[in-house]
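S.K.: Starting off with a structure, shown below.
Just so it is clear, none of the values below were taken in a lab; they were calculated from the coordinates. A quick note: this is a predicted structure, and the numbers were derived from the prediction, not measured. Neighbour counts are summed over all protein chains in view; Cβ atoms, including those assigned to glycine, are modelled from backbone coordinates with ideal geometry.
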Ligand code: SAM
């Protein structure tokens, strides 16, 4: 980026507040291109980026030598990987260190869209744990739901509530992640236009909002629970000063996160404890700050009221579509049903009706005049039964399917089947007698990019 665009006030603030800050090194790092990185989905193993260099603080993180046209890779749409900035993958290391026992854990990702941290958390949680992925801004929810749908974890609930509304449910969670909305200076190198929105006043307003969000987040955290706070801001007002505030106002106990010095994260000490900073002159990634704290005392959780709905027709679909498990089925919309693990069902019962829910567990689909229309996300779920017929396609047909255009593959068997690329499902087709195929990929998931001999030309923004 053109470093002349970086506000002088930001540089002055960093020089004043960060011990050892080198303006020259910081500016030089901002002249370099940002590294490209992805995080692989361990539940959907594939050949994608098999030989790529590892991100040291995240077992599934990989650096790519160059940026491919991600939109034209069917494996992205199948949920084999997520494109994510490397520094923010430090969350994986923080979870391993601060939450070593994750069986049965309930985790809330309070500021979740577009889903980078939620997909990472989902990969670290066992089947009997539950992730609630919440995003207050409704226009950002569809992308979050699409990304989590692709990722395919069955033990996820998506909600769209203001933190205060969520707080009304009480201390239900053993861990809360607050990846807070911030002034965004850590991402200037990736998105130089973000500079135009930066000001000291914006930093102050963001810090106020961060404190408001954390005050509510604290109410849903169980005593003994862990809160992980992160931002992509370089400003101490949004990072170390927030740690001080959490210690003073909430009584938060700071949790050190041991890590090798050669990773480059700077351990910074506030009065309220210790945080970890990534800055591009030291870490191969963008600007990021992360800290963990524990809640030492507070209210005990209220027991959840579990309401089971048993509908034999729906249950038969769960048994048909999904791998065997202790599935509970519940309506999640007009004529739409989902299958849930007992832990998801129990947490759903505790959240309803206070918290508006977008999705819970594995969407199964809906009854139709003749039979059942399976949900798109059932095809992408890692719980999909291996007995579901799969139509194996190559890259060209996979892209035609993703564009909702006619595929070249000839289909022999009639009925519902998943279109699978390199063994990973992309969505449903229904083959009609005579070989015609109906494509059930949701219109919103359709790729709009032109397929020009595999290089691709963007015609979407
Ligand atoms: N965790 C996300 C990820 O890894 O993909 C990125 C989250 S982004 C840094 C912050 C999120 O907080 C945005 O999605 C934004 O819509 C949401 N947000 C904005 N205002 C909020 C508020 N008052 N309370 C909670 N979340 C808010």
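S.K.: Enter the angle in degrees (range 0 to 90, nearest 10) between the Cα long axis of helix 141-151 and the first principal axis of the Cα atoms of the chain, meaning the one along which they spread out most.
M.R.: 70
S.K.: In nm, to one decimal, how far is the modelled label at residue 269 from the one at residue 31, with both set 7 Å along Cα→Cβ?
M.R.: Taking the two extended label points, one gets 3.6 nm.
S.K.: Using the 10 angstrom Cβ neighbour count as an exposure proxy, how do 234, 21 rank, fewest first?
M.R.: Details: 234 28, 21 17.
Listed from fewest to most nearby Cβ atoms, that is 21, 234.
S.K.: If I take R0 = 25 Å and measure r between the Cβ atoms of residue 64 and residue 97 in this structure, what FRET efficiency does the formula 1/(1 + (r/R0)^6) give, to the nearest 0.05? Working shown, then result.
M.R.: Details: r = 27 Å, r/R0 = 1.07.
Rounded to the nearest 0.05, the efficiency is 0.40.
S.K.: For the range 356-397, take the convex hull of the Cα atoms, compute a quarter of its surface area, and give me that in nm², please. The partial results should precede the final answer.
M.R.: Numbers: hull surface 19.6 nm².
Directional mean of the projected Cα hull area for the range 356-397 stands at 4.9 nm².
S.K.: Let me ask another. Can you give the calculated 222 nm mean residue ellipticity of the chain, where each DSSP H run of n ≥ 4 adds -39,500 (n - 2.57) and the sum is split over every residue, rounded to the nearest 500 deg cm²/dmol? Let's see the in-between values first.
M.R.: Details: 13 runs with 115 residues, N = 461.
Only helices count here, giving -7000 deg cm²/dmol.
S.K.: Remind me, relative contact order of the chain in percent, using alpha carbon pairs under 8 angstrom and six or more residues apart?
M.R.: On the way: 978 pairs, mean separation 66.1, N = 461.
Dividing the mean separation by the residue count of the chain yields 14 percent.
S.K.: In a solvent-free Debye calculation with one equal scatterer on each Cα, what is log10 I(q)/I(0) for the range 335-383 at q = 0.23 Å⁻¹, listed in the order of the q values?
M.R.: Calculated log10 I(q)/I(0) at the listed q: -0.88.
S.K.: Compute the long axis of helix 200-220 from its Cα atoms, compare it with the longest principal axis of the Cα atoms of the chain, and write down the angle in degrees, 0 to 90, nearest 10.
M.R.: The angle comes out near 60 degrees.
S.K.: Sticking with this structure for a sec: Just want the ordering: 443, 313, 430, 44, from fewest to most Cβ atoms lying within 10 Å of their own Cβ. Please list the in-between numbers first.
M.R.: Numbers: 443 6, 313 10, 430 17, 44 22.
Fewest-to-most ranking of 443, 313, 430, 44: 443, 313, 430, 44.
S.K.: Any idea what the relative contact order of the range 316-453 is, in percent, if you count C-alpha pairs under 8 Å spaced at least 6 apart?
M.R.: Values: 217 pairs, mean separation 24.3, N = 138.
That works out to 18 percent.
S.K.: For the chain, just list the percent of Cα-Cα distances falling in each 20 Å bin from zero outward, please.
M.R.: Spelled out per bin, shortest first, that is 24, 54, 21, 1.
S.K.: Okay, moving on. Would you mind ranking 139, 409, 268, 231 by Cβ crowding within 10 Å, fewest neighbours first? Walk me through the intermediate numbers first.
M.R.: Numbers: 139 8, 409 17, 268 20, 231 27.
So the residues, fewest neighbours to most, are 139, 409, 268, 231.
S.K.: Full-extension gain between residue 335 and residue 253, please, as 0.36 nm times their residue separation minus the C-alpha to C-alpha distance. Spell out each step's value before the answer.
M.R.: Details: separation 82, 0.36 × 82 = 29.52 nm, distance 4.62 nm.
Fully extending the segment from residue 335 to residue 253 adds 24.9 nm.
S.K.: On the principal axes of its Cα set, how long, how wide and how thick is the range 280-369? Give whole Å, largest value first.
M.R.: Principal-axis extents of the range 280-369 (Cα, largest first): 60, 38, 25 Å.
S.K.: Let me ask you something else. Which length gain, in nm to one decimal place, applies between residue 320 and residue 354 when the Cα-Cα distance is subtracted from 0.36 nm times their residue separation? Working shown, then result.
M.R.: Details: separation 34, 0.36 × 34 = 12.24 nm, distance 3.24 nm.
Full extension from residue 320 to residue 354 adds 9.0 nm.
S.K.: How big is the equivalent ellipsoid of the range 103-196 along its three axes, where each semi-axis is √(5λ) from the Cα gyration tensor, reported in whole Å from largest to smallest?
M.R.: Numbers: eigenvalues 117, 50, 31 Å².
For the range 103-196, the ellipsoid semi-axes come out as 24, 16, 13 Å.
S.K.: Taking only the alpha carbons of the range 1-100, what extent do you get along each of the three principal axes, in Å, biggest first?
M.R.: Per principal axis, max minus min of the Cα coordinates gives 46, 37, 20 Å.
S.K.: Pairs of alpha-carbon atoms within less than 8 angstrom and 6+ residues apart define the contacts here; what relative contact order does the range 220-304 have, in percent?
M.R.: Computed over the range 220-304, the figure is 42 percent.
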